[in-house]
Amino acid sequence: MVLLAAAIGTWWFAGYAGQDRLGEIAIAAIFAMSLDLMVGYGGMVSLGHALFFGLGAYALAGLTLFLKWPPGLALPASVLLTGLVAFAIGRLIVHLGGVFFIMVTLAFGQMGWAWFARDRLFGGIAGLSGIPQIDLSLLGGDLANPADFAIVAVTAATMVYLALARLIESPFGAVVSALHRNAGRARALGCPVQSYKLAVFTIAAMLASLAGTLQAQRTGFVSPDLLVWTSSGELLIMVIIGGIGSLLGPIAGAALWTLLHHYLSAVTPYWMLIMGAFFIAIVLFAAEGLYGALARLAWRRPHV
Amino acid sequence: MLPDPASLVIQLLNGLQYGMLLFLLSVGLSVVLGLMNFINLAHGTLYMLGAFLGLSLVGVTGSFWIALACAPLLAAAIGALFYGVLLRHLQGESAMKQVLVTFGLIFIGIDTVRMIWGDYEEAIAAPALLADSIRIWGQPYPAYRLFVIALGLVVALLLWLGLERTRLGAVVRAGVDDRVMAASLGINIDAAFFGVFCLGCWLAGLAGVAVAPVLQIYPGMDVAILIPTLIVVVVGGPGSLRGALLGSLLIGMAETFGAVLLPDFASFMIYAVMVLVLLLRPGGLLPARQTA
Amino acid sequence: MRSHGWRGGGPMFRAEGLYKSFGALEVARGISLTLPRGARHAIVGPNGSGKTTLFNLLSGELAPDAGRVFIDGRDVTSMPPDARARAGLTRSFQKNNLFPELTVLQSLAVSVAIGDGAGAVFWRPFVRSADIFRRATAIADRIRLTSHLETVVDTLPYGTQRQLEIGLALAIEPKILLLDEPTAGMSADETAEMAKLIAALPEDLTLLVIEHDMEIVFDFARRITVLDYGSVLAEGTPAEIRASPEVRRRYLGETAP
């Protein structure tokens, strides 16, 4: 609630750049929440989540630019397509243990990057531009206007948050939480653990691709940079500094990181070093992240 | 379509050379993974540091051989430092946290190199002794590349001897096989792990210097090589020397021949190999521990 | 799902010639076992005789090198633990295997949900699943943990955790229950509580228990299997076992482990 108020406040008062930033943060928030679903609730740490972000964006680009689909139709289609790919990949890898899983997701992420960097159809390294935006003129809006885009993005982020909150509080979420804590016992009780993990993997991927399509809508542009491993890495950092295993944590982390990134890279070309050190400090000393630390102050126990 | 035998041999040697490079990098990573269920994502950073330190050493001493000897030691020292300062604090925590810390180190590593050596691509000249080409089947082939192949094979042999014949090697093999058992037998697993970790860092540094005359060195080369290295570990199977060797050769060949035969799909080849192995033999081709 | 022999007249649970070795170490050598519906069967034997390995083979955590396992006539040998649980078999563990950071009620409720397959529901809040929580509370009553419903599992005393260990297994209403040393590490009072719990288990539940405490064994068991070095040393009624010369020599004659 507080965050929503802050978002509305920012939108109201900030200028052009502020609203643009808000849209960016909203997209990052969706992306971060999707990773948190996989990492914090499903217990699967992925360093290749940007793959699905990129696939969503590229699918949108492909459908609208090559197949001439209307963007309003292409967007949900892209999410579904990415879901299918995620399902296929997930079937191969969800049974792998923690550290192995990290390696394989990193590899798959880079595979996506390598594909799109070479593929001439999608513009190679330079990417594609000119992706059409959804026509909101009926609603009196125009996505090219950062103010309107921010509204759409924040609304989307809020809906994702509410949907995920529902999912986590449902029996499905309870079972996933249990198998995160003790997969062996869940299995012994009859839980098809791999199926649940695959479901979480696929849902997380589809949400990431939603974020990707929104990004394509925001900038009208896609490039392999969307999929590069450092994007996945930055996302993981976002989630961890915000606080794993809650939904508000990633949102806070996304906001913090986006802002920090912008300011730091304006100040010094060595922002990666500072972020790396900051991240390590968080992992070492404040493993529950921002949200956990705040929750400890506000309530007795962090709400997990 | 069939290449003539001379080109075939050239490509084979190239693949072998690249494979040896991957081997030097992957064997340390793989054994550490098998021993402690821990992946040092900053492994490539040590490779990069090895290359740049080698560059500086050559600049200072004018001798490639000194650089080859010293840079890996420096890399191992840096690795040991990280281990002592950071990783040991996380000894009791989940392996995941340790991995995340190494991930943060990658970020720090890249910028550190940029700060000290600048943003540009560099190269080291091959030592005078190996600067010429040797004629293979009528085609000139750089002698230095043959040196790299030889280096890799010698290292592989020494490692194999070390694993099979020395006490430390026996401890490592026991630890990879069953960590808990080895620890409960009173073997100092922590010391063994530290030793293996440092050896892995040394190998990474060695790879960095050795390959500098062949490839360009630049900040970010750590990640460029990390991915194929990880794929080698996945394909070869964690924890085993033979797996690392087989995996490196396989991936080295796949990438080299892929670039020649299917240039559009070149970089895709190694991922295709990984996916294939994941499908057919999820534990890797020659893992140390046979899983159910 | 095959319905071969489903709810037929045959034994509820059967293992045939189970073999398992780890390298040169043979941990199970041709173990066979037959349990009728409602059995009260104990597995005893010195440490290292292969009791827990047997359980792992029966519940699916380990795959046998040879031999087969049947649940109600159905060959489940190639099934993983979760499939066997859905077929009606589950177990408790020798070392407490609980869900960290959940309360007793939450642990039992999620176990009931897993047993029901209720995890497929993703739109309704879990806490509103009245039926599931009612059944979870009922199990808590049965295992005498009603006063601890809201307590986080990690903070419970060991003996209480042990009771929950069995409670989780009961939550999925199994047909066959394997209990691995339920009284391990318990005081005399706690052991007595556990004995009452075991006595109160449903008549038609097929029960197989590994135990070291011979008092408990002779209390509840109608048949006993004695294991030694991975093979069956003797099997029979408590009276037969007490009288068996091999057993007297190898096991009951020894001082307590």
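Hydrodynamic analysis of chain C uses the Kirkwood radius over alpha carbon pairs. Inserted into Stokes-Einstein at 20 °C and 1.002 mPa s, it gives a translational diffusion coefficient of 112 µm²/s. Report the residues of the range C:137-178 in range of a label on C:Asp189: point 7 Å along Cα→C-beta, backbone N strictly under 14 Å from it. From the range C:137-178, the list is C:157-160.
Between C:Glu173 and C:Thr237, the FRET efficiency from the beta-carbon distance, with R0 = 30 Å, is close to 0.55. With neighbours defined as other Cβ atoms within 10 Å of a residue's Cβ, the residues B:Asp4, C:Asp75 order from fewest to most as B:Asp4, C:Asp75. Here the scattering of the range C:103-188 is modelled by Debye summation over its C-alpha atoms, one equal scatterer each and no solvent; at q = 0.14, 0.25 Å⁻¹ the log10 of I(q)/I(0) is -0.48, -1.27.
What aspartates and glutamates does A:Lys68 reach when the alpha-carbon gap must be under 19 Å and sequence neighbours fewer than 8 apart in one chain are set aside? In chain and number order, the partners are A:Asp135. Given in Å, the Rg to one decimal and the Dmax to the nearest whole number for the Cα atoms of the range B:21-221 are 18.1, 59.
Mean residue ellipticity at 222 nm, helices only, chain B: -24500 deg cm²/dmol; runs of at least 4 DSSP H residues each add -39,500 (n - 2.57), and the sum is divided by the number of residues. Let me make sure I get this right: for the range B:239-281, a, b and c are the square roots of the gyration tensor eigenvalues over alpha carbons, sorted descending. Under 1.5 in a/c it's rounded, otherwise prolate if a/b > b/c, else oblate. Which is it? Oblate, since a/c reaches 1.5 and b/c is not below a/b. Spacing of the modelled spin labels on A:Ile274 and A:Asp135, each 7 Å from Cα toward Cβ, amounts to 4.5 nm. Note on the protein assembly as shown: with charges restricted to the Cβ of Lys and Arg (+1) and Asp and Glu (-1), its dipole about the Cα centre is near 1300 debye.
Residues in the range A:44-51 carry Karplus couplings, in order, of 10, 8, 10, 10, x, 5, 4, 3 Hz; the curve used is 6.51 cos²θ - 1.76 cosθ + 1.60 with θ = phi - 60°, and Gly or Pro positions show x.
Projected label points at C:Leu25 and B:Leu73, each 7 Å from Cα along the beta carbon direction, are separated by 4.3 nanometres.
Cβ-to-Cβ counts within 10 Å put A:Phe53, B:Phe257 in ascending order as B:Phe257, A:Phe53, the fewest first. Here the 3J(HN,Hα) profile of the range B:196-212, calculated from phi with Karplus coefficients 6.51, -1.76 and 1.60 at θ = phi - 60°, is 5, 4, 5, 4, x, 5, 4, 4, 5, x, 4, 4, x, 5, 4, 8, 4 Hz, Gly and Pro shown as x.
Phi angles across the range B:156-167 convert, under the Karplus curve 6.51 cos²θ - 1.76 cosθ + 1.60 with θ = phi - 60°, into 3J(HN,Hα) values of 4, 4, 4, 5, 4, 4, x, 5, 7, 9, 9, 5 Hz, Gly and Pro given as x.
Amide hydrogen proximity for C:Ser21: with H placed 1.01 Å from N in the peptide plane, the residues at 5 or more positions away or on another chain lying under 5 Å are C:Val27, C:Asp65.
For chain C, modelled as a GNM whose springs connect Cα atoms under 10 angstrom apart, the maximal fluctuation among C:Leu57, C:Leu33, C:Leu178 occurs at C:Leu33. P(r) tail for the range A:2-226: Cα pairs beyond 25 Å make up 43% of the total. Based on DSSP H segments of at least four residues, each scored -39500 (n - 2.57), chain A has a per-residue ellipticity at 222 nm of -24000 deg cm²/dmol. So for the range C:94-173, taking the charge dipole from beta-carbon charges (+1 Lys/Arg, -1 Asp/Glu), which of C:Thr160, C:Ala171, C:Val110 sits furthest toward the positive end? Working it through, the farthest residue towards the positive pole turns out to be C:Ala171.
Placing +1 on the Cβ of every Lys and Arg and -1 on the Cβ of every Asp and Glu, with nothing else charged, gives the range A:131-262 a dipole about its Cα centre of roughly 740 debye. For B:Gly237, nonlocal amide neighbours, meaning residues 5 or more places apart or on other chains whose placed amide H falls under 5 Å from its own, are B:Leu285, B:Leu286. If you run the Gaussian network model on chain B, springs between alpha carbon atoms under 10 Å, then out of B:Met36, B:Met20, B:Met48 the most flexible one is B:Met36. Of the GluC sites (Glu not before Pro) found in the range C:179-257, those that fall in a DSSP loop while having at most 13 other beta-carbon atoms within 10 Å are C:Glu203, C:Glu254. Measure nothing fancy, just the Cα-based angle from helix C:188-199's long axis to the longest principal axis of chain C, in degrees from 0 to 90, nearest 10. The helix C:188-199 is inclined about 90 degrees to chain C. Which angle between 0 and 90 degrees, to the nearest 10, do you get for helix C:158-171 versus the longest principal axis of chain C when only C-alpha atoms count? The angle comes out at about 80 degrees. Annotation: amide H-H contacts under 5 Å for C:Ala234 (H modelled 1.01 Å from N, sequence separation of 5 or more, or interchain): C:Val226.
Quick one: B:Leu100, A:Leu248, B:Leu12, fewest Cβ neighbours within 10 Å first, how do they rank?
Working: B:Leu100 26, A:Leu248 22, B:Leu12 14.
Neighbour counts put them in this order, fewest first: B:Leu12, A:Leu248, B:Leu100.
Here the relative contact order of the range A:2-226, from alpha carbon pairs under 8 Å that lie six or more residues apart, stands at 41 percent. Annotation for the range A:165-190 versus the range A:34-88: alpha-carbon center distance of 25 Å.
Among C:Pro157, C:Pro125, C:Pro182, whose mean-square fluctuation peaks in a Gaussian network model of chain C (Cα, cutoff 10 Å)? Taking springs between Cα atoms under 10 Å, the residue moving most is C:Pro125.
Which whole number in µm²/s is D for the range C:84-231 by Stokes-Einstein, with the Kirkwood Rh taken over Cα pairs at 37 °C and 0.692 mPa s? Rounded, D is 205 µm²/s. When +1 charges are put on Lys and Arg Cβ atoms and -1 charges on Asp and Glu Cβ atoms, the dipole computed for the range C:94-173 relative to its Cα centre reaches about 100 debye. How high is the relative contact order of chain B, given as a whole-number percent (alpha carbon pairs under 8 Å, six or more residues apart)? Worked out over chain B, it gives 35 percent. When exposed loop sites are taken as trypsin sites (Lys or Arg not before Pro) in a DSSP loop with at most 12 other Cβ atoms within 10 Å, the longest stretch of chain C clear of them is C:96-257. Ordering A:Ala150, A:Pro76, A:Ala61 by Cα displacement along the dipole of chain A toward the positive end leaves A:Pro76 in first place; charges were set at the Cβ atoms of Lys, Arg (+1) and Asp, Glu (-1).
Cα centroids of the range C:87-151 and the range C:153-228: how far apart, whole angstrom? So the separation of the two Cα centres works out to 18 Å.
With the simple model of a label 7 Å out from the Cα in the direction of the Cβ, C:Glu203 to C:Thr155 spans 4.2 nm. Taking each of B:Lys97/C:Lys20; A:Lys197/C:Lys95; C:Lys20/C:Lys175; C:Lys51/C:Lys175; C:Lys95/C:Lys175 in turn, the alpha-carbon distance tops 32 angstrom for B:Lys97/C:Lys20. Restricting attention to the protein assembly as shown, close to 65% of DSSP beta bridges with both partner residues there are antiparallel. Estimated from helices alone, the mean residue ellipticity of chain C at 222 nm is -9000 deg cm²/dmol (sum of -39500 (n - 2.57) over DSSP H runs with n ≥ 4, per residue).
A Förster radius of 22 Å, combined with the Cβ-Cβ distance separating B:Gln139 from B:Leu262, puts the computed FRET efficiency at roughly 0.45. For a test of the definition: using alpha carbon positions, the gyration tensor, and the 1.5 limit on a/c, classify the range B:1-119 as rounded, prolate or oblate. It comes out oblate by the Cα gyration axes. Is the protein assembly as shown best put as rounded, prolate or oblate by its Cα gyration tensor, with a ≥ b ≥ c the root eigenvalues, rounded for a/c under 1.5, and otherwise prolate when a/b is larger than b/c, oblate when not? Here the protein assembly as shown falls in the oblate category.
No value in this document is a laboratory result; all are computed from the given coordinates. None of the values given here were measured: they were computed from a predicted structure. Cβ: placed from backbone, ideal geometry, glycine included. Neighbour counts: every protein chain shown.
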